[in-house]
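Written out below as structure tokens is the structure these notes cover.
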Amino acid sequence: MNPLTSRLSVKNIAFSAAFLVSFFVAGLTLNAQNHDEKHEGVVAAEVDTLEHEVINGAEHVAEEVTGHHESAEEKFNTSEVIMEHIADAHDWHLWGHTSIHLPVIVYTNKGFEFFSSGKFDHGHAVYQGANYNYKIVKNPGEQKENIKVVDAAGNIDEVASASVIDLSITKNIASLLISVALLLVIFITIANGYKKRGIGAPKGLGSWLEPIIIFVRDDIARPNLGDQYHRFMPYLLTVFFFIWMNNVLGLVPFFPGGANVTGNIAVTMVLALVTFIITNLNGTKTYWGHVFTPHVPTWLYPLMIPVEIIGLFTKPFALMIRLFANITAGHILVLSLVCLIFIFKSLAVAGVSVPFVVFISVIEMLVAFIQAFIFTILSALYIGLALEKPHHDGDHH
């Protein structure tokens, strides 16, 4: 590829990535709020169980070392603090009692209602809407905030609550929109720079991001997609930079960071679902032949065909769980180390805990990139497998 073609290719790739992100956010925003609660509950319960065991063990050790056994009233609730930071919410907490109140959008059998999440007073107040009275409720064992309809006495009206569809702009959705806005600004700026300078050396943001764009093209797309790599470069760039941007923002402890977007299983589910759809829509006759007419003796078809069909779904499932679990585990680890200071109630512990937090945070910066890379290269691999061409007779094993 000559220099001119290479520059124009990068310019088109960058512009296409920015263009697709604007459409990509629509599906993510809807699914991040209206996700499958049963599916999330199973995975979240396993994470909660592991996290509770670690925290309870740390608290027990702290009591034994310090000799101080706290009463139920004075005990520092580590689990609540950690889950408050990694769970989604209708407010964006900044510091102390200061929060950004986000828009609440609910749809019931009586129509839409719009109001600020500040009306809930962090879950302590009931908002009297035009159609119903609303309150934020957390079910036992869950960290998800649910908007319920309550009567005049404050009791939950389960029948009316069943009609509530929560379309609110929550913390995760707000962070997702911020990351998309940043990506659009970055890539449109780079594309405009290429329009002005042509084949000249990149400057500014382009000089930083062009090597990464080339890396995605030459080390992820081409090896896995062959001569059809250019068709899928916009998606691969979009998913790579989207995941990387949100991973990094999640590590920033202050606004506009701190949200756990890629640690939300609804977001990772949509990302995996898009890869699943692209993979199977581009499947060749050879690809589907491996699924429904595998190269095994006919009498093994009843066994192999179900296995191959299950394999179609285990690939995106693995993508979804891997990203969700790694990012969530990183947040829990950092927060747990910080909470050790409050569990032991000792500044001496801070001398050990804080350096570990800094060390783990640096590792998490690397993990943020690695997880974006792994998701992107596996997506390219799965798509590449779907593009498989018929083998020649001499290639048969």
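For this structure, a couple of remarks:
- For the range 286-298, the condition holds for at least one residue, the condition being that it is hydroxyl-bearing (S, T, Y), touching a residue at least 24 places away in the same chain (Cβ under 8 Å), part of a helix (DSSP H, G or I) and out of contact with any Gly (no Cβ under 6 Å at 6 or more places or on another chain).
- Put simply, of V367, V352, V307 the only residue that is part of a helix (DSSP H, G or I), modelled with pLDDT under 90 and out of contact with any Asp or Glu (no Cβ under 6 Å at 6 or more places or on another chain) is V352.
- Filtering the range 152-167 for residues that are assigned to a strand (DSSP E or B) and touching a residue at least 60 places away in the same chain (Cβ under 8 Å) leaves a non-empty set.
- If you go through the range 221-274 and keep only what is part of a loop (DSSP other than H, G, I, E, B) and either modelled with pLDDT of 90 or more or not aromatic (F, W, Y) (or both), you end up with V252, P253, P256, G257, G258, A259, N260, V261, T262, G263, N264.
- Restricting the first member to the range 376-393 and to residues that are farther than 16 Å from H290 by Cα, and the second to residues that are modelled with pLDDT of 95 or more and not hydrophobic (A, V, I, L, M, F, W, C), the beta-carbon pairs closer than 6 Å and six or more apart or on different chains are S379/T275.
- Test: residue in the range 255-269 that is crowded, with 16+ Cβ neighbours inside 10 Å and on the phi > 0 side of the Ramachandran plot: yes
- Within the range 336-355, not a single residue is closer than 20 Å to N246 by Cα and either free of Cβ contacts under 8 Å to residues at least 60 places away in the same chain or not aromatic (F, W, Y) (or both).
- Of all residues making up the range 315-355, the number that are within 16 Å of I374 (Cβ to Cβ) and among the polar types (S, T, N, Q): 2
- The condition of being crowded, with 17+ Cβ neighbours inside 10 Å and not aromatic (F, W, Y) holds for only one of S336, S361, that being S336.
- Which listed residue, of N247, N192, is in contact (Cβ under 8 Å) with a residue 12 or more places away in the chain and either under 24 Å from the mean Cα position of the chain (by Cα) or over 30 Å from D91 (Cβ atoms) (or both): N247
- Some residue of the range 182-197 being of a type in the set (G, A, S) and not in a loop (DSSP other than H, G, I, E, B): yes
- Put simply, of Y132, Y107 the only residue that is hydroxyl-bearing (S, T, Y) and free of Cβ contacts under 8 Å to residues at least 40 places away in the same chain is Y132.
The values are calculated or read from the model by the stated rules, or taken from the named source; none is laboratory data. For clarity, every value in this text was computed on a predicted model and none was experimentally measured. With ideal geometry, Cβ positions are generated from the backbone for all residues, glycine too; neighbour counts draw on all protein chains shown.
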